[in-house]
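Reading through the structure tokens given below for one structure.
The values are calculated or read from the model by the stated rules, or taken from the named source; none is laboratory data. Please read these numbers as outputs of a predicted model, since none were measured by experiment. Here Cβ is always computed from backbone atoms with ideal geometry, including for glycine, and neighbour counts include all displayed protein chains.
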Amino acid sequence: MINMEVNALSFATIDGITLKQMIISAANNLSNKKVMVDDLNVFPVPDGDTGTNMSLTVNAVKTALENSDEDTVSAIAEIAANASLRGARGNSGVILSQIFRGFSKGLKGLDVADGDSIKLALNSAKETAYRAVMKPQEGTVLTVARQICEGIEDYTFEENTDLVEFLETVVVVGNKSLDSTTEMLPALKQANVVDAGGKGLMTLLEGALYFLKNGVVVGTQEEKVEFVTEDKYVPLEDIKFGYCTELIIKKDELKAPWKKLRKKLEYIGDCVIVIDDSDIIKVHVHSNNPGIVLEESLKLGEIVDIKIDNLKEQSRAMVKEEPKEYVENAFITVATGEGIVQVFEELGCNSIIQGGQTMNPSTEDFVKEIDCLNAGNIYVFPNNKNIILAAEQAKNISEKNVIVVPTKTIVQGISALLAFDEDVDAQENADAMLSAAQSIKSGSVTFAARDCDIDDLHVEKDDIMGLLEGKICTASKDVFKTTLEVVDLMVDDDVTSVSLYRGEEVSEQDADTLVAALEEKYASSDIDFTVYNGGQPLYYYYISAE
């Protein structure tokens, strides 16, 4: 916990070294409190949560700053902007990266910053973040950023005005704005919580203020463990498992015995390390599905210090490969689950980024895959509304012709790919694929990560929820019952085909039983029901109706 009652230092200006330490202190403060910020999310679907995504984004900034010798505020702010841009995860992370970007613009060319410069930079941060969001919604982190700038608009600086006092005012104004978000959005008011993104921003500002007052950064509460690895080139064709996943499980949060984890990981990969330390469990594994590693670890308890590396990308960096053969069109999609991945491969995807609900790929993840493709047109399918902004940001970074088709679900991504026509131009294909994605009905069945009240529906933690177009439509204690209810809401007189992709928790027998029940119920409707083995984590079923 941060103690704000200590004797403050005094600053009339800040230099680059001070700004660097303020940002590192801010990153540590959010890292310590990211679970608390995650818990403010009112939507109960297990997802890449706000606190985690913002923390991963700002930790990318922290790493870049720790490896830099720059000492001007302009250079430090620019490093932070670039690192956050590439490290941005989820919508909240992308918005945060735009805040860093705008802040950097406001400090451009300065060796040191006084109060007026920082005030200008904060306003630039707010404006840049607002421009990044097509339809800004009040009651979010954008509201907090805007009201901070409005609250300090009349703040005047005299010679040697203390910046600690100014930043304290920023924090007071920001927290007042944050409190008001509860009344701005019905979902926040119903859950009686503040906006998670706004809380993340204020946690960062409080961490920065702590350094300015005390001259020391906020300490991290989680033990960092480094795995020693040997930099050794391995030919791409010899890499059986493409992703190195490292993480720590906190023993004080254990929900179940951990010793069977090693056997589970050995089943899906190699180079498995599961070490019992005094208060943590260290995990390392090479696999083709980091999502499974995360899910198995999450079953045991809270996980921290997650690190996922693409081993093929590391191998490419150690030796120059022959240029890939040029193709006119290439496709990148985000997916997890052996069966889902296979479907996208069969549809012609050149690159599949492992990720989705609990593992939102960063902008850098997209940029790396785009850079590896030698194509005239590169189509990107995010397949998750929380990943679209990161994909769009990668498009803006790349000099290649990247077309982001803003698919929000796996089944939308599949439908979009099926609509591709190699005989028409890129824009016609983009329009056709988006139309196909939006015309298909998209449903899913998962579990509730927390208690919530959505409209008139009360959902308790671990209930089985049905979603239609991303919105919770039903819930029960039973997967079979909930799935039937979701399909019933999706079927109308125009539907002729329903596809179900069963998740890793659903057996083939259970899926066949479900399909038999659906065929009996809709026997007179002549609807074709088909089930596929998706193998996805978290979701019992993805469902499409057309």
Evaluate region 517-534: report whether one residue or more is out of contact with any strand residue (DSSP E or B) (no Cβ under 9 Å at 6 or more places or on another chain), of a type in the set (Gly, Ala, Ser) and under 24 Å from Asp463 (Cα atoms). yes
Requiring at least 3 residues that are over 24 Å from Ser92 (Cα atoms), the helices (runs of 4 or more DSSP H) wholly within region 347-446 are 410-418, 426-439
Which residues, counting only those in region 289-325, are more than 20 Å from Gly337 (Cα to Cα), out of contact with any helix residue (DSSP H, G or I) (no Cβ under 9 Å at 6 or more places or on another chain) and modelled with pLDDT of 80 or more? Glu325
Does Leu65 satisfy the condition of being surrounded by fewer than 22 Cβ atoms within 10 Å (Cβ to Cβ) and modelled with pLDDT under 90? no
Tell me, please, whether a residue that is part of a strand (DSSP E or B) and either buried (at least 20 other Cβ atoms within 10 Å of the Cβ) or assigned by TED's automatic domain parsing to the domain that holds Leu209 (or both) can be found in region 116-130. no
For residues that are small (Gly, Ala, Ser) and within 18 Å of the chain's Cα centre (by Cα), tally how many sit in region 87-143. 8
Counting only residues in region 466-512 that are touching a residue at least 60 places away in the same chain (Cβ under 8 Å) and in a helix (DSSP H, G or I), the one surrounded by the most Cβ atoms within 10 Å (Cβ to Cβ) is identified as Thr483
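Condition check ((1) touching a His at 6+ places or on another chain (Cβ under 8 Å); (2) closer than 15 Å to Leu201 by Cα; (3) of a type in the set (A, V, I, L, M)) across all residues:
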| residue | (1), (2), (3) |
| --- | --- |
| Asn123 | no, yes, no |
| Ala145 | no, yes, yes |
| Glu158 | no, no, no |
| Leu163 | no, no, yes |
| Val173 | no, yes, yes |
| Ser177 | no, yes, no |
Taking region 451-462, which residues are closer than 23 Å to Leu185 by Cβ, surrounded by fewer than 21 Cβ atoms within 10 Å (Cβ to Cβ) and touching a Phe, Trp or Tyr at 6+ places or on another chain (Cβ under 9 Å)? Ile454, Lys461
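From the list Ser524, Ser544, which one is surrounded by fewer than 18 Cβ atoms within 10 Å (Cβ to Cβ) and not charged (D, E, K, R)?
Within the list Ser524, Ser544, the selection yields Ser524.
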So in region 363-403, with the set limited to residues that are surrounded by 24 or more Cβ atoms within 10 Å (Cβ to Cβ) and aliphatic (A, V, I, L, M), which one is nearest to Gln536 (Cα to Cα)? Ile387
Only one of (1) more than 30 Å from Arg450 (Cα to Cα); (2) touching a strand residue (DSSP E or B) at 6+ places or on another chain (Cβ under 7 Å); (3) not charged (D, E, K, R) fails for Gly87. Which number is that? (1)
So the check is Cβ under 7 Å with 6+ separation or different chains; which pairs have a first residue in region 13-42 that's part of a loop (DSSP other than H, G, I, E, B) and a second one that's of a type outside the set (A, V, I, L, M, F, W, C) and modelled with pLDDT of 90 or more? Leu40/Lys199
